[in-house]
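Notes for the one structure printed next.
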Amino acid sequence: MRSRSAFERAFPGIEIQPIHGDSPPANVFSGVNRNLYSDFELVTSGPVEWDLAGLGSDLEAAYNRGAQRNGLRPLNEDVLRFVNAVGMLRAVSVLALAPQLPVLVEYVMPAVDQWRTMPFAGGVAQSRPR
């Protein structure tokens, strides 16, 4: 997502805001007095859907419940398809580093296995008007 204007043309009405950029649940630690958050090197601007890429329908539903409770918009299915496709592309491309970091294969293979079951480009091509 290098072009904000291209994103806004593809997904009109989806606001861009500060996001974590890499927010798997493993980046939240239960502290003694409160939750602690880590891994901020990818903080950027983007749609809220970016931080939910690859986390699955249970966490998407939890976000939507919280959004409704707080008067925020629910997740946009088209944007989710897009960010999930980008996330899968990132996971598959990391395999190029396997010769240097063999442990990555074990970590990334669940995503690759999931990617193999998905429609081409995560279904983005089918969901966009031609």
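Based on C-alpha pairs under 8 angstrom that are at least 6 apart in sequence, the chain has a relative contact order of 18 percent. Taking other residues whose beta carbon is less than 11 angstrom from the beta carbon of Ser45, and scoring Lys, Arg as +1 and Asp, Glu as -1, yields 0.
Rounded, prolate or oblate: which fits segment 5-130 when a ≥ b ≥ c are the square roots of the eigenvalues of the alpha-carbon gyration tensor, with rounded for a/c under 1.5 and prolate only if a/b beats b/c?
On the way: a/c = 1.76, a/b = 1.06, b/c = 1.65.
The shape class here is oblate.
Backbone phi angles across segment 15-22, fed through the Karplus curve with coefficients 6.51, -1.76 and 1.60 (θ = phi - 60°), yield HN-Hα couplings of 6, 9, 8, x, 9, 5, x, 7 Hz in residue order; Gly and Pro are listed as x. Amide H to amide H distances under 5 Å link Ser45 with Ile19, where only residues 5 or more positions off or on other chains count and H is placed in the peptide plane. The peptide list 28-36, 49-57, 92-100, 13-21, put in order of mean Cβ contacts within 10 Å with the highest first, becomes 49-57, 13-21, 92-100, 28-36. Could you let me know the centre-to-centre spacing of segment 58-74 and segment 4-51, using Cα atoms, in angstrom? Using only Cα atoms, the two centres lie 15 Å from each other.
Taking the mean number of other Cβ atoms within 10 Å as a proxy for protection, how do you rank 72-78, 84-90 from highest to lowest? Can you show the working numbers first?
Numbers: 72-78: 14.3, 84-90: 17.9.
Result, highest mean Cβ count within 10 Å first: 84-90, 72-78.
Bear in mind these aren't lab numbers, they're just calculated from the coordinates by the rules spelled out. Here the structure is a predicted model, which means the values were calculated and not measured. Quick reminder, even Gly has a Cβ in these numbers, built from the backbone with ideal geometry, and neighbours come from all protein chains shown.
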